Amino acid sequence: MTGESKIHDIHQDLIEGCRNNDRKAQVRIYELYYKAMYNTSYRILNNAAEAEDTMQEAFLDAFRKIDSYKGSGSFGSWLKKIVVNKSLDKLRIRKETESLEEQEMEIEDAAETDDSYAGNVFNRLEDVARAMEMIPDQYRIILSLYLLEGYDHEEIAEILNISYNNARTRYARAKQRLLNEIGKQREKLINPINN
């Protein structure tokens, strides 16, 4: 028996334990996946407390909905899809409560504190992070999963329940949208009077 199939058998036993509401199996599943799920949520929400809460809620949902996991894909992918969806829901709620004006003020405040902005914008992580906050959710998720989480297009397609070609197309569009947003922000910071 290969190591990979052994791991799959161990996880299958744990999943079956979760289906039977076995607390030890739930704790073990949590221990195996919590760090990856937290990182995924954090990269979407960019807020440690919200990511922690969202990850916890996702595990609770997963344990409640464990019977809907049919085993057609990996358990980790199924769980990650729950985390991604929960994170997107939290992000939508957050965006509904924030005004666009507040977001613009944050960008302007950050620009005023940075006298050396003329450096290469693509090497500045805070510029990329700020731009990531401004692009639509579907693009931010694709970029986060591909660039930060290290998933390939096939895995992303599975996580988001879209086709492989759709995942590749969304990634290409997301990358272009991010570059455009970085350019817009740079222009605002360089010529604030015209914007």
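Every read-out reported here was derived from the displayed coordinates using simple, explicitly stated rules and does not represent laboratory data. The model shown is predicted, which means the values in this text are computed figures rather than measured ones. Ideal geometry is used to build each Cβ from the backbone, glycine not excepted, and the neighbour counts take in all protein chains shown.
The ranking of Glu31, Glu16, Glu57 from fewest to most other beta carbons within 10 Å of each one's beta carbon is Glu31, Glu16, Glu57. One decimal place: the segment Asn180-Lys35 gains 49.0 nm when fully extended, by the rule 0.36 nm per residue minus the C-alpha distance. Ranked for footprinting exposure by Cβ neighbours inside 10 Å, fewest first, Arg170, Arg92 give Arg92, Arg170.
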